[in-house]
Structure formats: C-alpha cells, structure tokens
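The values are calculated or read from the model by the stated rules, or taken from the named source; none is laboratory data. Predicted model only: the values in this text are computed from it and were never measured. Methodologically, a virtual Cβ is constructed for each residue, glycine included, from the backbone with ideal geometry; neighbour enumeration extends over all protein chains shown. Each accessible area value is taken on the protein alone, full model and side chains, heavy atoms only, with ligands, DNA and RNA left out. Shrake-Rupley method; radii C 1.70, N 1.55, O 1.52, S 1.80 Å.
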Amino acid sequence: MSEDGPLEIARAAQAFNTMASRIRRFLTDRTLMLTAIGHDLRTPITRLKLRAEFVEDDELRNKFLADLDELEAMVSATLAFGRDTSRREPMGRLDLTALLQTILDEAAETHPDHAEAIGFAEPPPAVTIAARPVALKRALNNLVQNAILYGGGAQVTLEAPQPGNEGERLVTVLIEDDGPGLPPEDLNRMFEPFVRAEVSRNRETGGTGLGLAIARNIIWGLGGDIRLGNRMPHGLRATVTLVC
C-alpha cells in the first residue's frame, strides 16, 4: 500500500505493509523448511530401502518396502510443493484447449481401463490464455488424476471466455467425476497441505494429500481460482477459473 497521505493513513499503511511483509517471510520460511526436511529425508530413506532388502521374511520385507515407498512419495510431493510455490517459470501465451487435450490423452494412455470415461464432455472452444505452461499442466493434471482415481473417469468442460468483474476476460474449466463426492465440510479443507478425506478417498488409492494444495497454489499464482463442489446425485466437480 502507498504510505503517502495524512499522518494517520500513512501510519496505518506502514503497519499494514509491515504485517504483509512478515506474513510473506513466514510463509517463505515455512516452505523452505518443509522443502529442506523433505530433501534431507531422501538419503536415509534410500539406506532403509537397501537394508530392507536383507530382511529374510518376504511378507515383512514387502511391508517395509511399501511403507518406504509411501514415505518417498510424500517426500517427492513435498519437494514439488516447495518448487511450485517459488513461481520461477515465466509467463507465456498458451493454447488452453490443446493443453487440456494433451492432459486427457496422456491420462487415457495411463489408465486404459478408464479411457472411455476420460475426455471432453462437449466439443471445446479454442481458448488462449497467459499462464505458466508447465505449472498449469501440473495443476490441471492433478485434478484430472484425482477424478480418475476417486471417480473412475474425468469429464472436462471448457467454457468460452466471459467478461470478469474488473474488465479482464475469464475462462472456466470444469473437471467432473462420478465418484462418491466429499462431505460438505471437507470441500474447502481438501486444499490444505497433507489433508486427506476419510472413507472413500484414503491413502490406499494413492496420493499424499498435496495434489490439491499444489493445484491451488499454482492457479492462485496465475490470478485464478479453484473450487470443489458435489454433483447430483453423486460425484465431484472442480471448477477452475483462469484469466485470459
């Protein structure tokens, strides 16, 4: 905030700017600490994996290795979370329609059993936006993969750009599945790091609880927004709004 003007307003602006600076520093320090811990854990995890291979009991060895694989996945996701919050990738113009098509094609190849349930819900319009291509692909891919893992498929709708509140043009992407959905009280909580829903969406289906947190950080960094909502009679919808 500008610190000009009458004394009272200038002091209030200075206090606000100081507070904002401290919050930014706190968030940066927290992310760096989390990333450093994740990086330092990689070496002992590798040593434990090597030692686990010498366990003679096959069942016990497989349990050890499964736990270490899960821990390694969490560390990798934590490092990715730290990288995505740094926002180092430059902005550029990209074809959002083509990007979504690529994500869906790759998802269908990765999950051939669900290929028929993966695709556009209707023919998409041609849309070009300003974004960080690699980061945006990661965010949208996280949402598509979640829909497939927990809902058995992903139906994507790309809406034509519409005027926003401040003169910019906004485009909306809907990613829907036919899974069980989420309890209403969990819809916002799912964006918090390492938060996972219980019952139907548990660790047995894979994941570390960072996918949605990463997606939201990326989309917020692009000036957009993301929301989760339940569909009727069942299923989940992720609504992503991006600035053109």
Considering residues of the stretch 108-140 that are part of a helix (DSSP H, G or I) and under 17 Å from Ala238 (Cα atoms) only, the residue most open to solvent (accessible area, probe 1.4 Å): Arg138
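Here's the yes/no breakdown for (1) part of a loop (DSSP other than H, G, I, E, B); (2) at pLDDT below 80:
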site	(1), (2)
Met1	yes, no
Gly5	yes, no
Ala12	no, no
Thr18	no, no
Arg25	no, no
Asp29	no, yes
Of all residues making up the stretch 86-107, the number that are open to solvent by less than 50 Å² (accessible area, probe 1.4 Å) and either over 19 Å from the mean Cα position of the chain (by Cα) or touching a residue at least 60 places away in the same chain (Cβ under 8 Å) (or both): 6
Yes/no for Ala107 being within 28 Å of Thr128 (Cβ to Cβ), touching a strand residue (DSSP E or B) at 6+ places or on another chain (Cβ under 6 Å), at pLDDT 90 or above and small (Gly, Ala, Ser): yes
Close pairs from the stretch 10-37: first closer than 24 Å to Leu79 by Cα and open to solvent by less than 100 Å² (accessible area, probe 1.4 Å), partner at pLDDT below 75 and charged (D, E, K, R), Cβ under 9 Å, at least 6 apart: Thr35/Arg83
